Amino acid sequence: MMELKQKAEVSTKNRAFNCKMRNRYYEEVYYAFRALEPVLEDLSSSENRELWYSQMSLHIQKYESILSTCLEYAQAAIFYGKHDKLTYYNKDKRWGVLQEEIFMVNFLQELLSTIRYISSRIETDYILQELDISMQLKLETKKEDSGFISHLQKNLLALNKAMVKELLDLTNHLKDRFQIGNTVFGILQDLQHFY
């Protein structure tokens, strides 16, 4: 009987630690997004795409790393995958899991999925831009006009414009999501006081 009580105490101490770390990293996730936001928005006005891609890559890597860490703590805080340990707040006011915590895990998973999509989309666009530059060089070295290459370049230009719009739309989507996430995060901070 004593052994079960000790395990329960360790489990609740781990929960408190994981909740505190989740909260700490959530704030970092939000600030990292705020730092990423202007770089995303600079895409439409950026003249030097090489510089933009390198800046964006660094920001996304940092953001994804912080977000992954936050998600791990959020999952650990609700004993993710361990339903035998899951006790809800209505039964245990001090250590019980809130519905908002479960929502937070799903919210963080969605953010991670979105940022990975953005990262993949930017990498693909970078490759296409490199292809466009090499085709442009071929056209300049050839004296005759190549209809196929010029047609392909028009398509790449249209794809590039679509990518800019898509990234701006995703940035606005993330802003809206953070309004909801910040509200839920505020509730968690108000209700959870671990000693």
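Mind counting the residues in the stretch 160-176 that are among the basic types (Lys, Arg) and over 15 Å from residue 36 (Cα atoms)? Number of matching residues: 2. Taking the criterion of being within 16 Å of the chain's Cα centre (by Cα), closer than 16 Å to residue 102 by Cβ and surrounded by fewer than 13 Cβ atoms within 10 Å (Cβ to Cβ), the only residue of the stretch 177-193 that qualifies is 180. In summary, residue 157 fulfils each of the numbered conditions (1) in a helix (DSSP H, G or I); (2) modelled with pLDDT of 75 or more with the single exception of condition (2).
The values are calculated or read from the model by the stated rules, or taken from the named source; none is laboratory data. Because the structure is a prediction, the values reported are computed rather than measured. All Cβ positions, glycine included, derive from the backbone under ideal geometry; neighbour counts span all protein chains shown.
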